[in-house]
Amino acid sequence: VLFLPATLVTAWLLAIFGISAPGSFAGEAFADNAIRWMMALPAGGMFVSSSIMHIVFAKQTAANIGWQSNGFQYEVGCCSFGLGAAGIWAAYLDQSAWFVLAIVISCFLLGASFVHIREIIRKNNRNWGNTAVLLYDLGLPVSLWALYVIRK
């Protein structure tokens with residue numbers, strides 16, 4: 001579970017230290033390079049990893065969240081794979097792809113945040129898979145939109 005926010009922190013650190021992201025070019029602005037890192041790591045690689053966790057290790061992942069394993073695992077896994085593939089591809093594209101993917105990722109992750117927060121409040125579900133994931137679920141959309149705004 002801590003791998004989720006770790007990819008976000010790693011993307012930020014790589015951008016802050018000026019390491020070129022996949023798809024970037026020499027002299028690219030900080031915000032653009034950082035968005036490419038966000039697309040490649042937390043949006044790309046992490047969503048692909050999440051798809052494996054939700055499909056291949058469905059029972060363990062559900063238990064880690066504090067839920068029962070059922071069909072939601074496979075739906076989330078397939079959606080996550082699509083988002084991850086799009087994230088990796090978007091790292092090599094431009095602001096149009098970033099904008100569209102930021103909308104989709106934000107809807108998915110902010111919706112997931114709502115569900116996890118509701119679980120904490122209503123069912124006192126404080127499992128790591130339900131609480132620590134909020135750092136990623138809230139942090140990635142905030143990061144994407146903040147970077148998109150400052151790049152203008």
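Residues in region 95-134 that are at pLDDT below 95 and loosely packed, with under 13 Cβ neighbours inside 10 Å: W128 alone.
Take the residues in region 15-33 that are of a type outside the set (G, A, S) and free of Cβ contacts under 8 Å to residues at least 24 places away in the same chain; name whichever of them is surrounded by the most Cβ atoms within 10 Å (Cβ to Cβ). Among those that are of a type outside the set (G, A, S) and free of Cβ contacts under 8 Å to residues at least 24 places away in the same chain, it is N33. Tallying residues that are under 17 Å from V133 (Cβ atoms) and out of contact with any Phe, Trp or Tyr (no Cβ under 9 Å at 6 or more places or on another chain) within region 7-42 yields 2.
All of (1) among the small types (G, A, S); (2) out of contact with any helix residue (DSSP H, G or I) (no Cβ under 9 Å at 6 or more places or on another chain); (3) in contact (Cβ under 8 Å) with a residue 60 or more places away in the chain hold for A43 with one exception: (2).
Residue-wise test of (1) at positive phi; (2) under 14 Å from the mean Cα position of the chain (by Cα); (3) charged (D, E, K, R).
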site: C79; (1), (2), (3): no, yes, no
site: H116; (1), (2), (3): no, no, no
site: E119; (1), (2), (3): no, no, yes
site: W128; (1), (2), (3): no, no, no
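Exactly one residue among W12, W67 is within 28 Å of A146 (Cα to Cα), aromatic (F, W, Y) and crowded, with 16+ Cβ neighbours inside 10 Å, and that residue is W12.
Of all residues in region 46-64, those being outside any helix (DSSP H, G or I) and surrounded by 18 or more Cβ atoms within 10 Å (Cβ to Cβ) number 0.
The values are calculated or read from the model by the stated rules, or taken from the named source; none is laboratory data. Computed from a predicted model, the values in this text were never measured in an experiment. Glycine also receives a Cβ, built like all others from the backbone with ideal geometry; neighbour counts cover every protein chain displayed.
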